[in-house]
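Written out below as structure tokens is the structure these notes cover.
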Amino acid sequence: MAGPLPLPENQGLACLPAISVIIPCYNSADTLAETVASVLAQSRPASEIILVDDGSQDGTAALIATLQERHGERLRTVQQANAGVAAARNLGMAMAQGTYVLPLDADDSLHPAMLAECGAMLDADAGLDLVYTDRQDFGDSARCWASGRFELARLKYFNQLAYCGLYRRSLWQAVGGYRVNVSGFDDWDFWLAAALYGARAQHLPAPYLLHRRRRQSQLWGILPRYEALHAQIMLNNPAAYGEAELAAAGRYLADGSPAAVLSAARRVFLHHYYADYPEDSPCVS
């Protein structure tokens, strides 16, 4: 399939579908300006950047006010009582006016070509719902992680994708948004629900998500709940699993009964996650 025709500089960008970038913020005063700067530096500009303050208790609200004063109407802001990243993403998505949307955490950044190259792939194929990239870590790690395939058979047991991808807002509407009962792993649940819906996705093999690795991140804090969150993801998406798997997930949530499907997935995840923190790695046998 031929790629999109080249567009006249400046004039062409105005003809392209609008892109909204949604950034949930919780106590993000030390990183948010860098995150916003990476979006403003995109070669295909976002039509809007939506900052959702999820009840921050540091200087995030003041920083958001400063950023909005500096950058004007390209930044839209909203505050909510602390409800978690899934609820914050949903609030931003509900406000979004773009045809395409991209969720971005307030301590991560984007490569300057992220929106242009992912957007071009969506522009060229009306039947494509999602474009996702690889991930380049920075901070505690400098690893580059290649994303896996967007396949139901894989996603049901292990998340193959980073949380950040460019997709049609209509997909968020069709799936029903991010589920708040698995906040923190809501991206995994969302990709699984999208696969069940029949979404078409394409991998752009380039490390365009720049992911900050550091101790005491939000993900670090929920690692002890991995099996409980995975079990809830299973119950959220029953069509992806067999009766025995769903029964095992239910028993785990009810009384903590061991479930091989959960413990095996946890071992794989923790092996990858703690590769750069061997001294912190828990016993996963």
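The values are calculated or read from the model by the stated rules, or taken from the named source; none is laboratory data. All figures in this text were calculated on a predicted structure; none of them were measured in a lab. Positions of Cβ are generated from backbone atoms using ideal geometry, with glycine treated the same way; all protein chains shown enter the neighbour counts. Just the protein is used for accessible areas: all its heavy atoms, side chains included, with ligands, DNA and RNA removed. Shrake-Rupley method; radii C 1.70, N 1.55, O 1.52, S 1.80 Å.
Comparison of Arg212, Arg225, Arg200 shows that the only residue that is surrounded by fewer than 20 Cβ atoms within 10 Å (Cβ to Cβ) and more than 30 Å from Ala113 (Cα to Cα) is Arg225.
Considering (1) more than 24 Å from Arg266 (Cβ to Cβ); (2) open to solvent by 10 Å² or more (accessible area, probe 1.4 Å), say which one Tyr163 fails and leave the rest. Evaluating Tyr163 over (1) more than 24 Å from Arg266 (Cβ to Cβ); (2) open to solvent by 10 Å² or more (accessible area, probe 1.4 Å) leaves (1) as the failure. When Leu219 is tested against (1) open to solvent by less than 20 Å² (accessible area, probe 1.4 Å); (2) at pLDDT below 95, just one condition goes unmet, and that condition is (1).
Of everything listed in (1) in contact with a strand residue (DSSP E or B) (Cβ under 7 Å, 6 or more places away or on another chain); (2) of a type outside the set (Asp, Glu); (3) under 24 Å from His203 (Cβ atoms), the single unmet condition for Gly139 is (3).
Considering Val182, Val175, the condition of being free of Cβ contacts under 8 Å to residues at least 60 places away in the same chain and not polar (S, T, N, Q) is satisfied by Val175 alone.
Has region 166-174 got any residue that is touching a His at 6+ places or on another chain (Cβ under 8 Å) and not basic (Lys, Arg)? Looking through region 166-174, none of the residues is touching a His at 6+ places or on another chain (Cβ under 8 Å) and not basic (Lys, Arg).
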